[in-house]
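Have a look at the structure below, then the notes.
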Amino acid sequence: MFARLASRRWAGPGLAAISGVVLVTTGSMAWMWALGIILTLAALAWGGWDAWRAMRHGDEAREFAATHGWEYLPRTYEYNSRFWAYPFGEGEARRQESVLRGTYDGQRCATFSHVFETRHDRDSAPVTHAFQVTLAELPVALPRIDIVPQGIYQQALKALGGRDVEVESHEFNERWRVRASDARYAHAVLDPRMVERLTWLDMEGASIRIEGAAVYVWGSGRRGTEDLAKRLGIVTAIARRVPAHVIREYRDLGYGTAEPGAPLKGPDWATQGGVLNSRRYTGIGVEDTDAPRRQTFPEAGPRP
């Protein structure tokens, strides 16, 4: 997955950079100028193909929503403030496109293309990057854990942050790398029921993340609805197996959501810790702001 991520992410900028180098260094040699023009056209074609794919992806999502009774949004920005790990928080013009939201197996879910733009330099044309995200909502906001397939390259692991966590299952450790900043918290989440479910065949190759009030799988490129049921099956299975004592711990700490997946909103005094604050949102002053606050977590994991 990460290899595809790298190749797609840099395909557009790579074409633009190569064409620029060729045009600058080739002098008057006609055939080299022709090569530069071809590469420039290829870069433009890449952008046009992505725009066409986005339009087709939106049409497919709209049809799915009409058929299955899900909500469809052509574009939103609300997930920008909910998630922070890559690919969220990258580039500029960040948004979510072709958003589908509904209920699957009794749980609130969503899928969308997270899109952002980057530039080679200030004067260059923007390059668009798209990643498909499919999530199941959780009743509490939890610290981040990444569960990724074994064999990914070291640079990708560094981008994920945290440190490696192993469990007592040899089969699990052979298939997965777990990255978390708090090993005790990670072990609390990865109890025997969770570990056993992650060894099922339908989990093969998925990049899974628990972050905030959601479990989600993500990967490069826009993906349609042909395998949506499989992705939803993965995230709902993981969401159901987050241990009850972990949910209870973070709810008692004040990280419960008024509505599954809804980030806390309100003025600073209502959403951030303070002398006279239980960290539970009071609802007073919500009209003062509509900007969701980023969740912060205690350094220690769940208490035993």
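Write out, first by first residue and then by second, each pair whose Cβ atoms fall under 6 Å of each other, whose residues are 6+ apart or on separate chains, and whose first residue, in the stretch 219-236, is farther than 15 Å from Leu100 by Cα while the second is loosely packed, with under 15 Cβ neighbours inside 10 Å and not aromatic (Phe, Trp, Tyr).
Close Cβ pairs (under 6 Å, with a partner that is loosely packed, with under 15 Cβ neighbours inside 10 Å and not aromatic (Phe, Trp, Tyr)) amount to Ser220/Arg4; Thr236/Asp105.
Hey, among the residues in the stretch 96-131 that are under 23 Å from Ala85 (Cβ atoms) and small (Gly, Ala, Ser), which one's surrounded by the most Cβ atoms within 10 Å (Cβ to Cβ)?
Within the stretch 96-131, the match that is surrounded by the most Cβ atoms within 10 Å (Cβ to Cβ) is Ser98.
Which residue is farthest from the chain's Cα centre (by Cα), if the candidates are limited to the stretch 169-195 and must be acidic (Asp, Glu) and within 23 Å of Glu249 (Cα to Cα)? Spell out the reasoning first.
Keep residues of the stretch 169-195 that are acidic (Asp, Glu), which gives 171, 174, 182, 191.
Remaining after also requiring within 23 Å of Glu249 (Cα to Cα): 182, 191.
Details: Asp182: 20, Asp191: 24 Å.
Looking at residues that are acidic (Asp, Glu) and within 23 Å of Glu249 (Cα to Cα), I get Asp191.
Report whether or not Pro267 is more than 25 Å from Arg175 (Cβ to Cβ), in contact with a helix residue (DSSP H, G or I) (Cβ under 6 Å, 6 or more places away or on another chain) and modelled with pLDDT under 95.
Details: more than 25 Å from Arg175 (Cβ to Cβ): yes; in contact with a helix residue (DSSP H, G or I) (Cβ under 6 Å, 6 or more places away or on another chain): yes; modelled with pLDDT under 95: yes.
Taking the combined requirement at face value, the residue satisfies it.
Test each condition in (1) in contact (Cβ under 8 Å) with a residue 40 or more places away in the chain; (2) part of a strand (DSSP E or B); (3) over 13 Å from the mean Cα position of the chain (by Cα); (4) within 30 Å of Asp59 (Cα to Cα) for Ala125 and report the one that comes out false.
Only one criterion in (1) in contact (Cβ under 8 Å) with a residue 40 or more places away in the chain; (2) part of a strand (DSSP E or B); (3) over 13 Å from the mean Cα position of the chain (by Cα); (4) within 30 Å of Asp59 (Cα to Cα) is unmet by Ala125, namely (2).
If I filter the stretch 154-167 for residues that are β-branched (Val, Ile, Thr) and closer than 30 Å to Thr76 by Cα, do I get at least one hit? Quick ask: steps written out before the conclusion?
Start the filter on the stretch 154-167 by keeping residues that are β-branched (Val, Ile, Thr), which leaves 165, 167.
In the following step, the residues that additionally are closer than 30 Å to Thr76 by Cα were identified as none.
Scanning the stretch 154-167, I find no residue that is β-branched (Val, Ile, Thr) and closer than 30 Å to Thr76 by Cα, so the answer is no.
Look at Thr134 and say whether it is surrounded by fewer than 17 Cβ atoms within 10 Å (Cβ to Cβ) and of a type in the set (Ser, Thr, Tyr). Break it down into steps so the answer makes sense when it comes.
Working: surrounded by fewer than 17 Cβ atoms within 10 Å (Cβ to Cβ): no; of a type in the set (Ser, Thr, Tyr): yes.
Answer is no for this residue.
How many of the residues in the stretch 176-230 are among the basic types (Lys, Arg), closer than 30 Å to Phe64 by Cβ and part of a strand (DSSP E or B)?
Of all residues in the stretch 176-230, those among the basic types (Lys, Arg) come to 177, 179, 184, 193, 197, 209, 222-223, 230.
Next, from what is left, pick out any that are closer than 30 Å to Phe64 by Cβ: 197, 209, 222-223, 230.
Subset that is part of a strand (DSSP E or B): 209.
Number satisfying all stated conditions: 1.
With the structure loaded, tell me whether Pro139 is over 30 Å from Leu198 (Cα atoms) and assigned to a strand (DSSP E or B) or whether it fails that test. Working first, answer last.
On the way: over 30 Å from Leu198 (Cα atoms): no; assigned to a strand (DSSP E or B): yes.
For Pro139, the condition - over 30 Å from Leu198 (Cα atoms) and assigned to a strand (DSSP E or B) - is not met.
Determine, yes or no, whether Val235 is β-branched (Val, Ile, Thr), closer than 26 Å to Asp59 by Cα, out of contact with any Phe, Trp or Tyr (no Cβ under 9 Å at 6 or more places or on another chain) and not in a loop (DSSP other than H, G, I, E, B). Talk me through it step by step, then tell me what you get.
Details: β-branched (Val, Ile, Thr): yes; closer than 26 Å to Asp59 by Cα: yes; out of contact with any Phe, Trp or Tyr (no Cβ under 9 Å at 6 or more places or on another chain): no; not in a loop (DSSP other than H, G, I, E, B): yes.
No: the conditions fail for Val235.
The values are calculated or read from the model by the stated rules, or taken from the named source; none is laboratory data. Keep in mind it's a predicted model, so treat the numbers as computed, not measured. All Cβ positions, glycine included, derive from the backbone under ideal geometry; neighbour counts span all protein chains shown.
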